[in-house]
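Structure first, commentary second.
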Amino acid sequence: MTNISRSQREIVNNLLKIEHKNYAATLGLIDTPTIHLERKELAEAISVVDRLSRNDQEFAKRVAILTIALSWEYSNKDYKDSLREIFITALTRMGIAPSTVLVDENYKNEGIYSPFSSYINKLSVIANQLKYEVNINDKAYLLTDFQKSVWDSIDTNKIVCISAPTSAGKSFSIYLKIIQKLTQEYKKIVYVVPTISLVNQVTTDLSCLVKEFNLNDTEIFTHIQEVQPEKYIYVLTQERAISGFSEEAHFENLDMLVVDEIQNIERVANDGDQRSKILYDFLKEIKHQTNTKRIILSGPRLKNIGNLGFDIFNEVSYEAETKVPPVVNITYSVSKFNGKFYFNQYSDIAEEPNSIVIQYNEKIKGLGGTQYNDNFHSYLDFILGRISNKSNLIFSPTANQARKTAIYLSNNAHAKNREKVESLAEYIAEFVHKDYDLVRLVRQGVAYHTAKLPLHIRSAIEDSFSNGIINNIVCTTTLMQGVNFPASNIIVRNPYLFTKRMKNRENVKLSNYEFSNLRGRAGRLLKEFIGRTIVLDESSFEIEQENETLFEHTEKELSTGYGEYYEKFKENIDNSIGNDSFVEDGKEKHLITYIRQTIYRHRENSYSRLQEVGINISKEQIQKNIETLDALNVPSGVVYNNRYWDPYDLDIIYNELRSNKICKLPANIWDSGTLDSLKSATITFSQIMPYYFNKFISNPTKDSEQLDKYIWSICKYATDWGRENLLRDILMERNFSNDASDQIDKAVQTISSKVCFGLPMLLKPLSDMSEDENSILSIIENGAYSKITKYLIAKGIPRDTAIYIKQTALVDIDQEDPDYRQIQKRISDLRGHISPWIFSQIESAGT
């Protein structure tokens, strides 16, 4: 420890040891009665809190918060009223006043503190809270000091870069600033997040605030609208955001741009990471083509977040950073040494971990392994059985394993709220399939959360967990990207993203930084002081850098641009660019595509654009390329709209289309030949554009007959999806004979990755080459053709729920010229008249 005295260190270490023994006993690893703090120990803890809460250093604040959390957790209830006043005073002094709800029930329920015994303390609390209070239209919000610094910095700086732990509340302060600006002069706001789940969450959060402030003139959409609203918030993925810079630019002027989870930009140069490239390219387009008043970049625990803003925008950025989370996070692990099992405690406050010899180790199995067999599952089940009253996330390496683990855990689990879990089970059975494993799992209070879950079901599962209806969820990395999914405990076996080691291939695992962010999910903000991570096999983790310790809250230093990757393949790239060579595939293919697209778009200006991202190509080479690219037959609009295609490849497709060697796409999703046309075009692309086919669709077999069936299956799903068939009806047609859940998971994964993304990306050049406007790929991507369904999806409602609402509650609305205000009113009127699992998904779209 640093910045605190030896006596203070001893007091804090004693609190950690008490927490350690109590939690070991809670998990059934040792036989010890619960230890409560004596009066003398509480007095010592109070002295530490009083002294350190007056210190402005972040480390001192973290120690003070830990001391408050553990003292409150293990104090006798007779002392809590006295502690309440002391801790409220200390928390407000440190600028963490929102956390006082954890020590004052009256403040939590009524917004007013219980009476103070000291008038001085009351005045102190009021004075400190006023420093961190913000007002919007006479409505007051109490922020932490960090949230207030974010709030203030946005007013005085064009570019604000934010780095903070997961639970620091950075998103909430941004939301409030957006609302404040909308009540003033701002009209155009874009909020970019990496995943659809985050799009839906941010949309819901902002919709609630927009309604709270009666901003009836502000529209929130999750897709760019053909007709721009006068006043809007777009909540977009990077893929949807960059479409604003196609042939027709949508973002010439913006009042505010927010990019959350900005750490994803780091992998921009990697061939396989399309999303990073798209995000990076989007920000560069913002720099060069958009006049933006305010830009906010935000991410967890980033070392050089301020430099990132300068690297991208060439402007000095304000850096808002904190390492002080309002939730205490403690990591526990199980290890084995010399035949004994140990229960270890790690805290970023303590210099060394604490260890306890485990008395009851007969349940501990599977250390050092990767297979999830009954032995390991019984170990996991034993641990969960001891904390069944808490909300627990169990990390799984793969989606298939998440489902299998959830099935095992359900055998001994018992749901508490029978009525609500039965309601959830009935909803899943009705809107997916009666034989879907989740139906019986949720009845036992267990679920899984993976990328293979249908979006409307994922939303219901998240809702059930947040409301304490489901306590145990087995999840994959889908929950690492900023989704507000609070849990008391995170349970992890190891960092691996596989269940069986494979020879001659990379066995992928979470980095220490990624695992640190996952652990940051433990702790329910404003609901619990302490979040705990339980590592079931410490031996599987290793220290990545010399200056790190095990289970440290690791920070990441971001680097962007293509310079390093370009230098690695410079000779091949320069030869291909210099000789105007057709490049079929290879590791440098994506960078050659980027260079040619940049030259095509920006001509002589491409020299500076390429230099800016670390690519050094001579002006002579660029001029020669301009002349060659000008000679291509493909229309310029097609090249502009397909920025991740090599213009040479687009020219080949265009010439093949003109010579009738490629089947044209149908103009209407209802054409009788839609399925055959999609299949024919896809097969042709697999033959003439194998690089893109493998990139967007993948080739699971070299057998032509099997490939033909695979493509037919994707195109059949695409046709049904675009015609607004509900997922349950699509699945019903498949007539699953056995292991329905596995086949449902595969079908959902195919639809989400191949139908909604891969097929539209592969065939988009063909669509753009149509003589007439062709929207069939957009229809397939969204799974919607009607105006009402498209509108509901754009308002953040999951596709299947949107279709169901259109077919039932909105069936009498004019389909050709719908009244959207009437739709909003109709949705609000559905409260209490439809399943709560459906209403929670549509509520944000109502009035």
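Structural remarks
- Note on the range 109-155: residues that are within 29 Å of the chain's Cα centre (by Cα) and of a type in the set (S, T, N, Q) total 4.
- Residues that are assigned to a loop (DSSP other than H, G, I, E, B) and either closer than 20 Å to GLN401 by Cα or polar (S, T, N, Q) (or both), drawn from the range 431-468: ASP435, TYR436, GLN444, GLY445, THR450, ALA451, LYS452, LEU453, PRO454, ASN467
- Within the range 373-417, being of a type in the set (A, V, I, L, M, F, W, C), touching a residue at least 60 places away in the same chain (Cβ under 8 Å) and in a helix (DSSP H, G or I) holds for PHE376, LEU380, PHE382, ILE383, LEU384, ALA399, ALA402, ALA406, LEU409.
- Note on the range 539-586: among residues that are hydrophobic (A, V, I, L, M, F, W, C) and in a loop (DSSP other than H, G, I, E, B), the one that is nearest to PHE313 (Cα to Cα) is LEU558.
- In the range 552-604, the residue that is surrounded by the fewest Cβ atoms within 10 Å (Cβ to Cβ) out of those that are over 30 Å from GLU542 (Cβ atoms) and polar (S, T, N, Q) is ASN579.
- The residues listed here are GLY783, GLY796; of these, the one that is crowded, with 22+ Cβ neighbours inside 10 Å, modelled with pLDDT of 95 or more and on the phi > 0 side of the Ramachandran plot is GLY783.
- Members of the range 669-695 that are surrounded by fewer than 17 Cβ atoms within 10 Å (Cβ to Cβ), assigned to a loop (DSSP other than H, G, I, E, B) and hydrophobic (A, V, I, L, M, F, W, C): TRP670
- Considering residues of the range 459-495 that are farther than 15 Å from SER396 by Cβ and among the charged types (D, E, K, R) only, the residue surrounded by the fewest Cβ atoms within 10 Å (Cβ to Cβ): ASP463
- Conditions (1) within 26 Å of ASP649 (Cβ to Cβ); (2) among the small types (Gly, Ala, Ser); (3) outside any loop (DSSP other than H, G, I, E, B); number of the one not met by SER698: (3)
- Whichever residue in the range 211-224 is closer than 20 Å to ARG240 by Cβ and not in a loop (DSSP other than H, G, I, E, B) and, among such residues, is farthest from the chain's Cα centre (by Cα): GLU219
- Some residue of the range 765-774 being in a helix (DSSP H, G or I), within 25 Å of the chain's Cα centre (by Cα) and polar (S, T, N, Q): no
- Condition check for HIS414: over 15 Å from SER539 (Cβ atoms), crowded, with 18+ Cβ neighbours inside 10 Å and out of contact with any strand residue (DSSP E or B) (no Cβ under 6 Å at 6 or more places or on another chain): no
- The range 173-200 residues that are under 13 Å from ILE233 (Cβ atoms) and touching a residue at least 60 places away in the same chain (Cβ under 8 Å), paired with ones that are among the basic types (Lys, Arg) and in a helix (DSSP H, G or I) (beta carbon under 8 Å, 6 or more apart): ILE189/LYS181
- Candidate set: the range 809-835, residues that are under 31 Å from the mean Cα position of the chain (by Cα) and aliphatic (A, V, I, L, M); chosen: the one surrounded by the fewest Cβ atoms within 10 Å (Cβ to Cβ): ILE834
- Leading residue by the ranking (surrounded by the fewest Cβ atoms within 10 Å (Cβ to Cβ)) among those in the range 159-198 that are of a type in the set (D, E, K, R) and either out of contact with any Phe, Trp or Tyr (no Cβ under 9 Å at 6 or more places or on another chain) or part of a loop (DSSP other than H, G, I, E, B) (or both): GLU185
- Residue among SER207, SER197 that is under 17 Å from the mean Cα position of the chain (by Cα) and of a type outside the set (Phe, Trp, Tyr): SER197
- The range 644-661: number of residues that are assigned to a loop (DSSP other than H, G, I, E, B) and either of a type in the set (Asp, Glu) or crowded, with 21+ Cβ neighbours inside 10 Å (or both): 2
- Residue within the range 706-714 that is farther than 20 Å from ILE744 by Cα and not polar (S, T, N, Q) present: yes
- Index of the failed condition, LEU297 passing every other in (1) assigned by TED's automatic domain parsing to the domain that holds ILE154; (2) crowded, with 23+ Cβ neighbours inside 10 Å; (3) touching a Leu at 6+ places or on another chain (Cβ under 6 Å): (3)
The values are calculated or read from the model by the stated rules, or taken from the named source; none is laboratory data. Owing to the predicted nature of the structure, the values given are computational and were not obtained by experimental measurement. We place every Cβ from the backbone using ideal geometry, glycine too, and count neighbours over all the protein chains shown.
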